[in-house]
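Student: I am attaching a structure below and will ask some questions about it afterwards.
Where a number appears in this text, it was derived from the coordinates with a stated rule and is not lab data. Everything quoted here is computed from the prediction, not taken from an experiment. Please note: Cβ atoms are built from the backbone with ideal geometry, for glycine as well, and neighbour counts cover all protein chains shown.
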Amino acid sequence: MDKASLIGVLIGVFCLSFVAWHGSHGHLAMFYSQEGVFTVFGGSISVVFMAMPMNRIKALPGYIKRFMFQKGQSAVQVIEQISKLSERARRDGILALESEMANIKDPFLAAGLKMAVDGVDPANIEATLRMELMAMTDRHKSGKKLFDLIKVYGPAWGLVGTLIGQIGMFGQLGDGDIGAMGKMLALAVVATMYGTVVANAVAGPIGDKLALRSAEEILNREMMLQGILSIQAGDNPRVTLDRMMAFVPSVTRSTLKIAA
């Protein structure tokens, strides 16, 4: 579980619920509008289906899971793992890494090391891994794109609901039906609120967190790639370590305690 995501969700829900409860004096039903739900949420869903292919939409649960859970390694863990592999290869030869394959959970690192152990040309290893990295980046962009669509068009559909409510309210002026006018006015205001909440409290933060996750994973895999190439080249473990340390901030470097 990603603690930051969980804390953010809980704080947002608490603050919104607290303000809504006190603003309505406990009558939360006044914030519900069936027309607003159909306009904003239904409209946002329709935009996603129109703009995204079905296979990317089916990946939505995975995007949510990625937002709430972080199973990837940190940069420090990657450096420590590559450093140990480099020391083992330097001491016992690169073929000794074959016995380490079962302990490597990251498929990117495992695939790269397998090619290195099999004696694949370094240029081919780099080309293969970079293609995989490019494909992963494209998949990650799709996740952020999905939530960016909701972030952009959610408020737009809220504006549509507002305009419909205002038109309906003006249409009731001749009859003087206060109840009908109030209902349409509520639609106008609530639709705007729904669109704003969807964009700024849900879709926007999730999309930004997915982008951050993607950047972290790309950095980690670039470190793995450089580490694999360095190990295959037979570099000194200190050289391999220094090459990977270039990817992390100086503050992090000073906290790493890895035997050279």
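Student: In whole Hz, with x marking every Gly and Pro, tabulate ³J(HN,Hα) for region 74-79 from phi via Karplus 6.51 cos²θ - 1.76 cosθ + 1.60, θ = phi - 60°.
Tutor: 7, 4, 5, 5, 5, 4
Student: Just rank Val251, Val197, Val37, Val13, fewest to most, by other beta-carbon atoms within 10 angstrom.
Tutor: Ordered from fewest to most neighbouring Cβ atoms within 10 Å, Val251, Val197, Val37, Val13 come out as Val251, Val13, Val37, Val197.
Student: Any idea what % of Cα-Cα pairs in region 121-260 are farther than 27 Å?
Tutor: 53 percent
Student: Which whole-Hz ³J(HN,Hα) couplings does region 178-192 yield from phi under the Karplus relation 6.51 cos²θ - 1.76 cosθ + 1.60, θ = phi - 60°, glycine and proline marked x?
Tutor: 3J(HN,Hα) across region 178-192, in whole Hz: 5, x, 5, 5, x, 5, 5, 5, 4, 4, 4, 6, 5, 4, 4.
Student: Note the angle between two axes, namely the Cα long axis of helix 3-24 and the longest principal axis of the Cα atoms of the chain, as a number of degrees from 0 to 90, rounded to the nearest 10.
Tutor: 10 degrees
Student: Can you compute the charge dipole magnitude of the chain about its Cα centre, using +1 on each Lys and Arg Cβ and -1 on each Asp and Glu Cβ, nothing else charged? Give it in debye, rounded to the nearest 20.
Tutor: 320 debye
Student: In which sequence would Ser17, Ser214 go, from the one with the fewest C-beta neighbours within 10 Å to the one with the most?
Tutor: Ser17, Ser214
Student: Under 25 Å Cα to Cα from Lys71, which lysines show up? Leave out anything in the same chain fewer than 8 places away.
Tutor: Result set, ordered by chain and number: Lys3, Lys58, Lys84, Lys105, Lys114, Lys141, Lys144, Lys145, Lys209, Lys257.
Student: Do the sum for the chain: with -39,500 (n - 2.57) for every DSSP H run of n ≥ 4, divided by all residues, what is the mean residue ellipticity at 222 nm, to the nearest 500 deg cm²/dmol?
Tutor: Rounded to the nearest 500, it is -24000 deg cm²/dmol.
Student: Fewest to most neighbouring Cβ within 10 Å: what's the order for Met68, Met169, Met223?
Tutor: Met68, Met169, Met223
Student: Pick from Ile228, Ile64, Ile11 the residue whose mean-square fluctuation is largest in a GNM of the chain, springs joining Cα atoms under 10 Å.
Tutor: Ile11
Student: Can you tell me the relative contact order of the chain? Whole percent, Cα pairs under 8 Å, sequence separation 6 or more.
Tutor: Over the chain, the number comes to 30 percent.
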